[in-house]
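Asker: The following block contains the structure, expressed as structure tokens.
The values are calculated or read from the model by the stated rules, or taken from the named source; none is laboratory data. The shown structure was predicted, so the numbers you read here are calculated from the model rather than taken from an experiment. In this analysis, Cβ positions are derived from the backbone assuming ideal geometry, glycine residues included, and neighbour counts consider all displayed protein chains. Only protein heavy atoms, including side chains, enter the accessible area calculation; ligands, DNA and RNA are left aside. Shrake-Rupley method; radii C 1.70, N 1.55, O 1.52, S 1.80 Å.
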Amino acid sequence: MSGVKKLRTDLNRATNVVYQAHHVSRSKRGQVVGTRGGFRGCTIWLTGLSGAGKTTISFALEEYLVSHAIPCYSLDGDNIRHGLNKNLGFSSEDREENIRRVAEVAKLFADAGLVCITSFISPFAQDRSEARRIHQSSGLPFFEVFVHATLEVCESRDVKGLYKKARAGEIKGFTGIDSNYERPEAPELVLKTGELSVNECLQQILELLREQNIVPGEIMEEVNELFVPENKLNSCNCREACHASWCITRNRKSVKLLKNFCTYRFSCSIAGGAINMSIPIVLPVSTETKQELDGNAAVALEYQGSRVAILRNPEFYEHRKEERCARQWGTTCPQHPYIKMVMEGGDWLVGGDLEVLERIKWNDGLDHYRLTPKELKQKFKDMGSDAIFAFQLRNPVHNGHALLMQDTKRRLLERGYKNPVLLLHPLGGWTKDDDVPLEWRMKQHAAVLEEGVLDPANTIVAIFPSPMMYAGPTEVQWHCRARMIAGANFYIVGRDPAGMPHPETKKDLYEPTHGGKVLTMAPGLTSVEIIPFRVAAYNKAKKAMDFYSPERNAEFEFISGTKMRNLARSGENPPEGFMAPKAWKVLVEYYTSLQKNK
């Protein structure tokens, strides 16, 4: 790419980023640059020897911030020396002027509300002090970050052979060889890149920005796994003689509650920031159990003679069942299936710091689908994804669902993403009795992929182990938050998510659009974009699922879940194009098995 063409590309990119700074900052739930809950412009000045890792860290930080809706821009030799400073050489005067211009440009970006990341050797303390003064005179935050690696480490990373040429005398005045590098005396941060990974360096910079109120704490989303590392399992901390234990052996329901408690707690546990926790994660216990366990610093949770977890610093709360139901569901109807379970639960709730000693397994042949947030993130990385869009579902996938996912992928490609990946994330915990069981849903999802309705090459199918609570807009925040922590940055929200008909009136328990509306204003969901629901119905003319148009109402037929179940029970086929044939066959097999078991 020619210097002029590259400069034009960089200027266009910079213009777009500045535009984003003035608009994105005001678009996400009312956040404004410089206000509580938002972000502020600043300059992060990375300095260090050639090969220390400045550019690598700069690009990693830029990618992370942009993915979390924080406008930023990286300045380095490639987009400065080929454009703005192409008339400068490498004399002492030109080097000083080069850094001065970089500082002035960085100040403009910071003043526009961006996080500007500069990646220059900038070997002289006086030049860096002048860059700081330029920012401070305008009241803009400036953070000097010393990217520190020994000369030996830097030379070992010399992919361009610059050190080799300098030592051979082919390059004069090369910093670290025949020109001094003046180490920062009081930088805001020192990154020892010879010892730390890129991700560890990234987290240290993000922590600095959070502490200085540049970015909101919510973007610090490293998952704290509750699983104890294997090499620490035999330590006294984990195998200690707890003064109390609770044996989960009384009934199947208790075992399910323990599994949900452990995995549920794991999935949502994150470090720092304001956390959207719309659903209480607690374990109901009887008064008798509370009396046995209260006052103990650590309680062992056991199942069939094996210790599966340790609950440290347990806390007990009165289980105000009616209040809990009213707040979480907006109703106290005793016929609601989950409310019924709450009312039948213990009179106390226990919480605390949980250490899970071994991975929770269901041993149902599906455990390989139960991926942790860290495992999902690694899969996305291995696939080279640059956008992850998640779809929550508890029902079989028909072509209307698929249309939403296909349309989302199309729109992401149009926005410039190269490899958007779908997280098909069916709910795998408790569901009400008339829902299709997980085992059959997973078979049905596999058939959908086999038929090519969804692209297997760009889809990850994993089980979300949470129970289904049918709590509408309250629960959908939990669904969205959990997927965001697992790495999704786009979330498809459907009609009446997490809802159901009222058990007595049979009307929708929640207004169908409220789930999506709540997500657009809910706190703590800063790094995920909500993809609004578009109504899909069966187009009789096209013989396919299509986005509904009121102007062409006569062309459409809405096929209810009741009608779908009745067709499957009777072994009949739905209208052509409603569901992939192999996927429909799985449903017919399931409902036929119910008839045989009667």
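Asker: Taking H placed 1.01 Å from N in the peptide plane, check which residues at least 5 places from residue 510 or on another chain put their amide H under 5 Å from its amide H.
Answerer: Here the answer is 500, since their amide H atoms fall under 5 Å of that of residue 510.
Asker: Hey, which aspartates and glutamates would be in cross-link range of residue 340, C-alpha to C-alpha under 16 Å, not counting anything within fewer than 8 residues on its own chain?
Answerer: By straight Cα distance, residue 340 reaches 322, 323, 433, 434, 504.
Asker: On average, how much accessible surface per residue is there in the stretch 547-598, in Å², for a 1.4 Å probe, leaving out ligands, DNA and RNA?
Answerer: 62 Å²
Asker: If you don't mind, another one. By the scheme Lys and Arg +1, Asp and Glu -1, what is the net charge of all other residues having a beta-carbon under 9 Å from that of residue 555?
Answerer: Cβ neighbours under 9 Å give a net charge of +1.
Asker: Taking a ≥ b ≥ c as the square roots of the eigenvalues of the Cα gyration tensor of the stretch 60-208, is the shape rounded (a/c under 1.5), prolate (a/b larger than b/c) or oblate?
Answerer: Details: a/c = 1.69, a/b = 1.24, b/c = 1.36.
Oblate shape, in that a/c is at least 1.5 and b/c is the bigger or equal ratio.
Asker: Show me 566-577, 201-212, 41-52 ranked by packing, highest mean number of other Cβ atoms within 10 Å first.
Answerer: Packing order, densest peptide first, comes out as 41-52, 201-212, 566-577.
Asker: Given the peptides 475-488, 366-379, arrange them by the average over their residues of other C-beta atoms within 10 Å, most packed first.
Answerer: 475-488, 366-379
Asker: Right, next: Per-residue counts of other Cβ atoms within 10 Å, averaged by peptide: what ranking do you get for 337-344, 64-71, highest first?
Answerer: Highest to lowest by the protection proxy: 64-71, 337-344.
Asker: Using only alpha-carbon positions, what ratio does the radius of gyration of the stretch 534-598 give when scaled by 2.2 N^0.38 Å?
Answerer: Ratio of Rg to 2.2 N^0.38 Å for the stretch 534-598: 1.27.
Asker: Sum up the lysine pairs in the stretch 81-172 that clear both bars: alpha-carbon distance under 29 Å and a spacing of 8 or more or different chains.
Answerer: 7
Asker: Another question, then. Using a/c under 1.5 as the rounded threshold, could you call the stretch 386-485 rounded, prolate or oblate? The axes a ≥ b ≥ c are square roots of the C-alpha gyration tensor eigenvalues, and prolate needs a/b larger than b/c, oblate otherwise.
Answerer: Oblate.
Asker: Another question, then. Which shape class applies to the stretch 464-536: rounded if a/c is under 1.5, otherwise prolate when a/b exceeds b/c and oblate if not, where a ≥ b ≥ c are the square roots of the Cα gyration tensor eigenvalues?
Answerer: prolate
Asker: Still on this structure, I have one more. Counting only C-alpha contacts under 8 Å and six or more residues apart, can you give the relative contact order of the stretch 461-598 as a whole percent?
Answerer: Averaging sequence separation for qualifying contacts and normalising by length gives 18 percent for the stretch 461-598.
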